[in-house]
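Here is the structure we will look at.
The values are calculated or read from the model by the stated rules, or taken from the named source; none is laboratory data. Predicted model only: the values in this text are computed from it and were never measured. Note that we place each Cβ from the backbone using ideal geometry, even for glycine, and neighbour counts take in every protein chain shown. Keep in mind that these areas ignore ligands, DNA and RNA; they rest on the heavy atoms of the full protein, side chains included. Shrake-Rupley method; radii C 1.70, N 1.55, O 1.52, S 1.80 Å.
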Amino acid sequence: MTHPSDTGPAPVLALKDISKSFGAVRALRDVSLELFPGEVHALAGENGAGKSTLIKTLAGVHRPDAGQVLLDGEPVVFHGPGDARDAGIAVIYQEPTLFPDLSIAENIFMGRQPRRALRRIDRRATRDATTALMRRLGVSLDPDRPARGLSIADQQIVEIAKALSFDARVLIMDEPTAALTHSEVARLFGVVRALRDQGAAVLFISHRLEEIFEICRRVTTLRDGAWIASEPLAGMTEDDLVRRMVGRDLAELYPKQDVTPGEVALSVRRLTREGVFTDVSFDVRRGEIVGLAGLVGAGRTEVARAVFGIDRRDAGEVVVDGRKLTNGAPSTAMAAGLALVPEDRRAQGLVMDMSIERNIGLTGLGTTVRAGLMDRGAERSRSLDWAVKLQVKYARIADTVNTLSGGNQQKVVLAKWLATRPKVLIVDEPTRGIDVGTKAEVHRLLSWLAADGVAVLMISSDLPEILGMADRVLVMHEGRLTAEIPRTDATEETVMAAATGRTAA
Amino acid sequence: ATACGGTTKEDVKNEGGVAASAGKADPNAATKKGLTVGFLPKQVNNPYFTSADQGGEKAVRELGSTFKEVGPTSATDTAGQVSYVNTLTQQQVDAMAVSAQDPGALCTALKQAMKNGIKVVTYDSDTNPECRNAFVSQASAEDLGRTEVQLLAEQIDYRGEIAILSAAQTATNQNTWIDFMKDELKDRKYKNMKLVEVAYGNDDAQQSFQQTQGLLQEHPNLKGIISPTTVGIKAAAQYLSGSKYKGKVKLTGLGTPNDMRTYVKNGTVEAFELWDPAKLGELAARTAVALASGQITGKEGETFTAGAMGEYTLGKDGVINLGKPTVFNAGNIDRFDF
Amino acid sequence: MTVTAPDQAPVAEVPKAGATRLVDRVFRMRELAILVVFLVMIAVTQAGNSAFLSEQGVKDLLLNATILVLVATGQTLVVITRNVDLSVGSTLGISAFAAGLHLQNGGNPAVAVTLAVLLGIGFGLLNGLLVSLGQVPALVVTLGTLYIIRGIDSIWVGSRQITAADLPGGFVDFGSGGLSAVPYLALIALAVLVATAYYLKHFGGGRELYALGSNPEAARLAGIPVRKRILAAYTVCGALAGLAGAMYLARFGNVDSGTGSGYELTVVSAVVVGGVAFTGGSGSVYGAALGALLLTSVNSVLPALGVSSVWVLAINGVLLVLAIAVDRIVALRVASALKKRNARHA
Amino acid sequence: MPDSLTRAVRWDTVVGALLVVVLLLSFTTVDGFGNALNLSFLIGNTLPIALIAMPMTLLVVSGEIDLSVASTAGLSGAVMGALWNQGMAIETIIPVCLAIGVVCGLVNGLLVTRLGLPSLAVTIGTLAAYRGIAQIVLGSDAVTDFPSAYLDFAAGRIGDTFVPYAFLPFLVLLAIAVVALHATPFGRSLFATGAGEEAARFAGIRVKRQKLILFTVTGLMSALTGVFWALHYASARYDNATGLELSVVAAVLLGGIDFDGGKGTLGGAIAGVFLLGALQNVMSLKDVSAQSQIVVTGVLLVLSVLGPRVARQIAAARAGRRAATAPAPDPKAPAPTT
Ligand SMILES: Nc1ncnc2c1ncn2[C@@H]1O[C@H](COP(=O)(O)OP(=O)(O)OP(=O)(O)O)[C@@H](O)[C@H]1O
Ligand SMILES: Nc1ncnc2c1ncn2[C@@H]1O[C@H](COP(=O)(O)OP(=O)(O)OP(=O)(O)O)[C@@H](O)[C@H]1O
Ligand SMILES: [Mg+2]
Ligand SMILES: [Mg+2]
């Protein structure tokens, strides 16, 4: 069943016929996998295919129900993440797992800080090592800054630094690039290649297929928890890989319809939040998809938050469909027809302990009401409707969202906001962590919404997505809008030039 | 009877109280046996009440009846005490002896008990008179208040600043005593003594401790402290004995010999006073049985014999006085153990 | 606030000054705020009553705070892990009685203190096991053990009490004695405090307490022995409550079944005033100790200023709210400064 | 079916069932329990806790807590006594007291929502402050002479039934609270806020305003409880209802309300309140000492959290075994992790 190992060395780490269930959900069924030193191995599959579960099994977070984990050919049992770590396995989990109250340096070295005499912690050495790691990744994060308040991208970078600091034999990365922009990804790949050349085995997960083809040599595909294939990437095309993952051919990834923009639906004038962004003005017209690009930390999310009213603005005004929005009041923004799909789905998008039904229902509390009381029937049909439209994969609509895979959680967030039938939709990293199939669907959906007259503002760090979907591209750099590029002129070069502060095109 | 369309205090004054006692006393009635007498102290686990209730238990046994004790574990859990009155009512005891945490709060429940034919005696702390048949007072409030001032005055030669360290601000009996102390101080022989402050330690060791410290810091010329509460005097004594004020600032008040023995012996305290709680409990028990037997009904002027303790006469509002308190000092303290 | 560009600094010599010690500085600032409030309060009182800071006065201030400092130190350990121990008052009471009973029967003071500490450790272990192995909410469990221990204490002690007369003179003298204005008990508390603070700051185990309070799930993934650490925090907390019980006995020379009841609220107040967050992961034992000092001193300051005891409770409450509010405002200022400073340059 | 299994192990259902069992058992086996008088006492004494438990449940569901409730009740009682003594009409006094409760709640709410302070810390502070103000307002007085019509309403029962007059308005309030929490958008948004405040804010829920409303309502209900308390026990003192907050918290916790917010039902909370009340009543009737009752309360609390956990684990283990044997897609059992 397993692909025969074609080259010399024996696998450092292997899984044999692993199965794992959560309650009644069978997340993994007889999956096998071999990781060789000196290779980067991709793990591909749709949302909910079981990739993260597989990784958590390797990392000792989950105990498999059946099957074996083999380390250097010997069967091992990991009783906890500590055991896997001691065996030389470093893991970057899909969701950042930082200690918000501790400094970045402590976050990276927690549990294995450099020691001085009498087992005391050597803080200085810890800090120096962190600075060196940051240098290696080409970022400038202060090692003594607390992790609280880091953007998702920065959190992801700290996670990467943490994993690198192990000098591990096996490096496992679950969507490390989901929140990163191009340049950071390039930097990361540089580091990964160096590690690979030193003989480390790397397991890499990403829903950006071009990344898989760029850095990986072999790929293992999962579908619905079952092993499909393990094979070299050489000679494969993206379409081949997609077919393995979804079991059918994929429609176009960027199905952008051409729409003639209508009147202005969202107008932002001289918006300023001190110390964060300054003097941001732009319009979005009905039927238009406007991309908002920029490097990580450029302030795009902050603009979206201020527009929606999560943060108060210090100056400027926001007009939605002719109505001026009250400062700092998301409820009035919603009433005016604005919707915001936030970037952090776990904290901002979803109430993790609540059911799918109720999460979607949360934006409809004002509408699914009869005589002042909740109309549960209406709530359920509204939620079901949208969950089905977005093809959320779940067992029961009453299950809590924390049992869903990351991508399916993202779909629930989208469903929740589309259900409000917004006039203006702001999406912040809408396809982060979403598989290609779903990504195409989301794009088709956005395109369809625009065609239907919705004004869409799309913030994304996935440049091809911006280029493929946007009618116009706005670019931010260090808290200011630096360029506005029409679809015809938008290329990687022009956008990156504006994003890095070189004179705009 | 409404003023400005509402019910005010004035209107209520006219409603008038209901007399609790009814029927006629038969001083010669036989003492009934086989009764159940329930004791409900302010707080169980409190050594003072335990002594009192043990006195009560002894007497009830002697009279051939059954004794039981119930009560809350906190002296401020008034609601708990009310439930216990209800419980005793449900259990159909013949009489209950209650030390009320609050003069008003127990009333409804106690009246309910009396309606069910249960005789109610209060001891140590009274309720409103109409809510019980009789009250056994530990000593007349007047005696206690005045003698404490006299005790302290002798110790400080009738001159200097003095202060009072009381329990809670709401403690009814303490407040009555303090009023009598103030009245006593009006006498000309105390013209060189000045009451500078009344502090409240809430019958909590730590708070009483800190209130004592505060008194001494604020009034550097303080010569003496009266603490009419067993917790307060003990805390004050403990503080004084570990401080530079030991022996210089006099302390008196109400304390138990066992609590105060060390401080009397190490010279912190010269003399203090108290009634015998066991005797108080005994008298409460005997009163309860006398009520249940019909020998008294709670009216002023009725008399009954309380075993070896002798004959007692009911005063105004059905109050029975235990007698004068005992003064303890280095000479006699070793003769007492409670 | 100085802005450094970390990228420019050579790796070997990261500057100590400037923003590099930011995390520590945030902590220290919170403690500083409480310290200032405390000092101002003391100064005002001294101005109003020159006897306040006499040798006896200082000694009293320190003695009053001692027991609370000990218990608050233990509580802080637990609160840092995003848990709470409400049973400390009950534990203090029962250990104090156990120690007293031993001494009453002519026992050795050292053994008595050990007994109190062991009893505390026992109850700490019980709480810790329930919380860490049972994985049940600490608030409920320790509210439960608060009642259970208090109940057992009441049944066991009954109406008995230990008074100064039952204790060896040396033990009681130790409780109120000291090196001039510094009581022995305060020295013990100080030693415990400094040791705990040092451990929290400089040892892996201590840092892991912060980590697991900050994000329990991440702590598990980082391979931190979560249960073991929580168990340890509760055990130390119990041990300190036990030790505090022994010190209570020495100090007040008086223990009965009600000793320490309601103390949990005072302890929690001290910890809160000291800036230890109930959401876990932040705060320091020094802060909690300062909080304890502040709270107990208010009770000495008001009487010394001649404020009628009727007012004490209200003023206490208002001060508590003020202290928390001031602390919060300082923290907000720091956070916004932090945010501005961190506007990143790619 | 795992579905019915998960439902069965829901703790609030268990508490409800437990309450029914205790009631049934007590009716048949405990003397004095089943009669109307005792039941009316039981309900009357539990009402203050139940009254506060209602808004407290809503507050806790939304992720906050208010420990100052008992002090607010005390303050409202103290104000009632003080104004009554000054001759104000009771019909004016009660609205004034309720208004004071609203102010107390507002202060808590503003401190929590505007300054972003943790409610636990704030309300520990105001717990002391409100009680202190009550002490300043009423001092050592105990006011007992409220008009009998009001006293009878608060303490009396309908004819010879077990139903206290005050129980009927309580049922109305309870119905309102149940509907508000479980059937309105407001209630739904409370659960969302408690389980994920940031996500709720992103969904356009006005979290701060909603919390402010809750704190205010809690203050109002606490004041109402204070008025009820003073009339029920015919005693207005500054220390009325001291310590009630712990009883409320214990009962609400027992009813399965999660203090992390976002979980629980009002039915469970109220069942918890009456379960504790009934147990205490039964134990007192059975002469279980107050000390042992404390232990029982504690054990119940610990079991209330250990029980569901063990049950969940058993349920999860069963579902897991089923899944392993039968590969057919099956509804999910609750997640064992995170
Ligand atoms: N703790 C859990 N409890 C219940 N079900 C779970 C749990 N974790 C994962 N699952 C289920 O297991 C399946 C596999 O999930 P997993 O997270 O491994 O998917 P994935 O391949 O990583 O998806 P994505 O690309 O969206 O991250 C999903 O159906 C998910 O709902
Ligand atoms: N909740 C927060 N608290 C404090 N600082 C934050 C917070 N969110 C973001 N920041 C900081 O504000 C700056 C701008 O971040 P923002 O998230 O707006 O950037 P962005 O352009 O949206 O980038 P991305 O979304 O790719 O991270 C960053 O330095 C980030 O670290
Ligand atoms: Mg995943
Ligand atoms: Mg962003």
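Identify, by number, the condition in (1) modelled with pLDDT of 95 or more; (2) open to solvent by 30 Å² or more (accessible area, probe 1.4 Å) that C:Gly124 doesn't meet.
(2)
Name the residue that is nearest to ligand 4 (Cβ to nearest atom), counting only residues in the range A:39-62 that are under 16 Å from the mean Cα position of the chain (by Cα) and part of a helix (DSSP H, G or I).
In this case the residue turns out to be A:Ser52.
Residues to consider are A:Gly275, A:Gly262; find the one that is open to solvent by less than 30 Å² (accessible area, probe 1.4 Å) and either away from ligand 1 (no atom under 16 Å from the Cβ) or hydrophobic (A, V, I, L, M, F, W, C) (or both).
Working: A:Gly275 fails: open to solvent by less than 30 Å² (accessible area, probe 1.4 Å).
Of A:Gly275, A:Gly262, the one residue that is open to solvent by less than 30 Å² (accessible area, probe 1.4 Å) and either away from ligand 1 (no atom under 16 Å from the Cβ) or hydrophobic (A, V, I, L, M, F, W, C) (or both) is A:Gly262.
Would the range A:345-359 turn up any residue that is at pLDDT below 90 and within 16 Å of ligand 3 (Cβ to nearest atom)?
There is at least one residue in the range A:345-359 that is at pLDDT below 90 and within 16 Å of ligand 3 (Cβ to nearest atom).
Look at the range A:406-430 and say how many of its residues are within 16 Å of ligand 2 (Cβ to nearest atom) and either of a type outside the set (Asp, Glu) or not in a strand (DSSP E or B) (or both).
6
Of all residues in the range C:171-205, which are among the hydroxyl-bearing types (Ser, Thr, Tyr) and open to solvent by 40 Å² or more (accessible area, probe 1.4 Å)? Reasoning before the result, please.
Looking only at the range C:171-205, we keep the residues that are among the hydroxyl-bearing types (Ser, Thr, Tyr), and these are C:176, C:180, C:184, C:196, C:198-199.
Passing the criteria: C:Ser180, C:Tyr184, C:Tyr198, C:Tyr199.
If a residue has to be surrounded by 21 or more Cβ atoms within 10 Å (Cβ to Cβ), more than 16 Å from ligand 3 (Cβ to nearest atom) and more than 14 Å from the chain's Cα centre (by Cα) to count, how many in the range A:165-191 make the cut?
Within the range A:165-191, residues that are surrounded by 21 or more Cβ atoms within 10 Å (Cβ to Cβ), more than 16 Å from ligand 3 (Cβ to nearest atom) and more than 14 Å from the chain's Cα centre (by Cα) number 4.
Collect the residues in the range A:372-392 that are in a loop (DSSP other than H, G, I, E, B), surrounded by fewer than 17 Cβ atoms within 10 Å (Cβ to Cβ) and under 22 Å from the mean Cα position of the chain (by Cα), keeping them in residue-number order.
Selection gives A:Gln391 alone.
Among residues belonging to the range A:298-316 that are out of contact with any helix residue (DSSP H, G or I) (no Cβ under 7 Å at 6 or more places or on another chain) and on the phi > 0 side of the Ramachandran plot, point out the one that is modelled with the lowest pLDDT.
Only one residue fits best here, namely A:Gly299.
Would you mention how many residues in the range B:78-102 are more than 7 Å from chain D (Cβ to nearest Cβ) and at negative phi? Before the answer, list the steps.
As a first pass, look at the range B:78-102 and keep what is more than 7 Å from chain D (Cβ to nearest Cβ): B:80-81, B:85, B:88-89, B:92-101.
Those still in the list that are at negative phi too: B:80-81, B:85, B:88-89, B:93-101.
The qualifying residues number 14.
Name, by its number, the condition in (1) without any contact (Cβ under 8 Å) to a residue 40 or more places away in the chain; (2) among the acidic types (Asp, Glu); (3) within 12 Å of chain D (Cβ to nearest Cβ) that does not hold for A:Asp385.
Every condition holds for A:Asp385 apart from (3).
State all residues of the range C:219-228 that are in a helix (DSSP H, G or I) and crowded, with 23+ Cβ neighbours inside 10 Å; if no residue qualifies, say none.
Scanning the range C:219-228 gives a single hit, C:Ala219.
Of the residues that sit in the range A:101-120 and are surrounded by fewer than 18 Cβ atoms within 10 Å (Cβ to Cβ) and of a type outside the set (Lys, Arg), which one is nearest to ligand 2 (Cβ to nearest atom)? Write out each step before concluding.
Taking the range A:101-120 and keeping what is surrounded by fewer than 18 Cβ atoms within 10 Å (Cβ to Cβ), we get A:111-112, A:114-120.
Narrowing the set further to residues that are of a type outside the set (Lys, Arg) leaves A:111, A:114, A:117-118.
Details: A:Gly111: 25, A:Pro114: 27, A:Ala117: 37, A:Leu118: 37 Å.
So, considering only residues that are surrounded by fewer than 18 Cβ atoms within 10 Å (Cβ to Cβ) and of a type outside the set (Lys, Arg), the one nearest to ligand 2 (Cβ to nearest atom) is A:Gly111.
In the list A:Ala147, A:Ala129, which residue meets the criterion of being touching a residue at least 12 places away in the same chain (Cβ under 8 Å), crowded, with 21+ Cβ neighbours inside 10 Å and hydrophobic (A, V, I, L, M, F, W, C)? Steps first, answer last, please.
Values: A:Ala129 fails: crowded, with 21+ Cβ neighbours inside 10 Å.
Answer to the check: A:Ala147.
For the range B:208-229, what are the residues that are within 14 Å of chain C (Cβ to nearest Cβ), touching a residue at least 24 places away in the same chain (Cβ under 8 Å) and either open to solvent by 40 Å² or more (accessible area, probe 1.4 Å) or farther than 18 Å from B:Ile178 by Cβ (or both)?
Within the range B:208-229, the first condition is being within 14 Å of chain C (Cβ to nearest Cβ), and the residues that meet it are B:208-222, B:225, B:227, B:229.
Of the ones still in play, those that are also touching a residue at least 24 places away in the same chain (Cβ under 8 Å) are B:208-209, B:211-213, B:215-216, B:219, B:221-222, B:225, B:227, B:229.
Matches in the range B:208-229: B:Phe209, B:Gln213, B:Leu216, B:Asn221.
Quick one: which residue in A:Val61, A:Val91 is in contact with a Ser or Thr (Cβ under 9 Å, 6 or more places away or on another chain), within 16 Å of ligand 1 (Cβ to nearest atom), at the interface with chain C (Cβ under 9 Å from one of its Cβ atoms) and of a type outside the set (Asp, Glu)? Steps first, answer last, please.
Values: A:Val91 fails: in contact with a Ser or Thr (Cβ under 9 Å, 6 or more places away or on another chain).
Among A:Val61, A:Val91, only A:Val61 is in contact with a Ser or Thr (Cβ under 9 Å, 6 or more places away or on another chain), within 16 Å of ligand 1 (Cβ to nearest atom), at the interface with chain C (Cβ under 9 Å from one of its Cβ atoms) and of a type outside the set (Asp, Glu).
Of all residues in the range A:317-344 being on the phi > 0 side of the Ramachandran plot and open to solvent by less than 40 Å² (accessible area, probe 1.4 Å), which is modelled with the highest pLDDT? Reasoning before the result, please.
Initial filter on the range A:317-344 (on the phi > 0 side of the Ramachandran plot): A:321-322, A:328, A:337.
Next cut, open to solvent by less than 40 Å² (accessible area, probe 1.4 Å) only: A:328, A:337.
Values: A:Gly328: 89, A:Gly337: 94.
Here the answer is A:Gly337.
Would you please list the contacts, defined by Cβ atoms under 7 Å and residues six or more apart or on different chains, that run from a residue in the range A:64-77 that is without any contact (Cβ under 8 Å) to a residue 60 or more places away in the chain to a residue that is assigned to a loop (DSSP other than H, G, I, E, B)?
A:Val69/A:Phe78; A:Leu71/A:Ala87; A:Val76/A:Ala87
Of the residues that sit in the range A:395-412 and are over 16 Å from the mean Cα position of the chain (by Cα) and of a type in the set (Ser, Thr, Tyr), which one is nearest to the other protein chains (Cβ to nearest Cβ)?
Result: A:Thr403.
Please go through the range B:230-258 and pick out each residue that is charged (D, E, K, R), buried (at least 23 other Cβ atoms within 10 Å of the Cβ) and either within 11 Å of chain C (Cβ to nearest Cβ) or part of a helix (DSSP H, G or I) (or both). Write out each step before concluding.
Taking the range B:230-258 and keeping what is charged (D, E, K, R), we get B:234, B:244, B:246, B:248, B:250.
With buried (at least 23 other Cβ atoms within 10 Å of the Cβ) added as a condition, the list becomes B:234, B:250.
B:Lys234, the sole residue that qualifies.
Among (1) open to solvent by 10 Å² or more (accessible area, probe 1.4 Å); (2) free of Cβ contacts under 8 Å to residues at least 60 places away in the same chain, there is one condition C:Arg82 misses while meeting the rest; what is its number?
The number of the failed condition is (2).
Since D:Gly204 meets every condition but one in (1) crowded, with 22+ Cβ neighbours inside 10 Å; (2) part of a helix (DSSP H, G or I); (3) not aromatic (Phe, Trp, Tyr), which condition does it not meet?
D:Gly204 satisfies every listed condition except (2).
Please determine whether any residue of the range B:184-192 is more than 17 Å from the chain's Cα centre (by Cα), facing chain C (nearest Cβ under 9 Å) and open to solvent by less than 40 Å² (accessible area, probe 1.4 Å). Lay out the reasoning, then the answer.
Our first condition is that a residue be more than 17 Å from the chain's Cα centre (by Cα); within the range B:184-192, this holds for B:184-192.
Still in the running and facing chain C (nearest Cβ under 9 Å): none.
Scanning the range B:184-192 turns up no residue that is more than 17 Å from the chain's Cα centre (by Cα), facing chain C (nearest Cβ under 9 Å) and open to solvent by less than 40 Å² (accessible area, probe 1.4 Å).
In contact with a strand residue (DSSP E or B) (Cβ under 8 Å, 6 or more places away or on another chain) and part of a helix (DSSP H, G or I): does that describe D:Leu39? Walk me through how you get there before you give the answer.
Working: in contact with a strand residue (DSSP E or B) (Cβ under 8 Å, 6 or more places away or on another chain): no; part of a helix (DSSP H, G or I): yes.
Answer is no for this residue.
Please enumerate the residues belonging to the range A:306-329 that are without any contact (Cβ under 8 Å) to a residue 40 or more places away in the chain, farther than 16 Å from A:Leu481 by Cα and within 16 Å of ligand 4 (Cβ to nearest atom). Full working, then the answer.
Restricting attention to the range A:306-329, the residues satisfying the condition of being without any contact (Cβ under 8 Å) to a residue 40 or more places away in the chain are A:306, A:309-312, A:322-329.
When the remaining residues are screened for being farther than 16 Å from A:Leu481 by Cα, the result is A:309-312, A:322-329.
The answer is A:Ile310, A:Asp311.
Could you tell me whether the range C:134-145 includes any residue that is hydroxyl-bearing (Ser, Thr, Tyr), open to solvent by 50 Å² or more (accessible area, probe 1.4 Å) and more than 12 Å from chain B (Cβ to nearest Cβ)?
In the first step, residues of the range C:134-145 are kept if they are hydroxyl-bearing (Ser, Thr, Tyr); the result is C:142, C:145.
Then keep just the ones that are open to solvent by 50 Å² or more (accessible area, probe 1.4 Å); that gives none.
Checked against the condition, which is being hydroxyl-bearing (Ser, Thr, Tyr), open to solvent by 50 Å² or more (accessible area, probe 1.4 Å) and more than 12 Å from chain B (Cβ to nearest Cβ), the range C:134-145 yields no hits at all.
Where the second residue is of a type in the set (Phe, Trp, Tyr) and the first is away from every other protein chain (no Cβ under 11 Å) and lies in the range C:281-298, which pairs have Cβ atoms under 6 Å and are six or more apart or on separate chains?
Listed pairs, sorted by first residue: C:Ser284/C:Phe27; C:Leu294/C:Phe38.
Taking the range C:163-196 on its own, how many of its residues are within 12 Å of another protein chain (Cβ to nearest Cβ) and over 26 Å from the mean Cα position of the chain (by Cα)?
7
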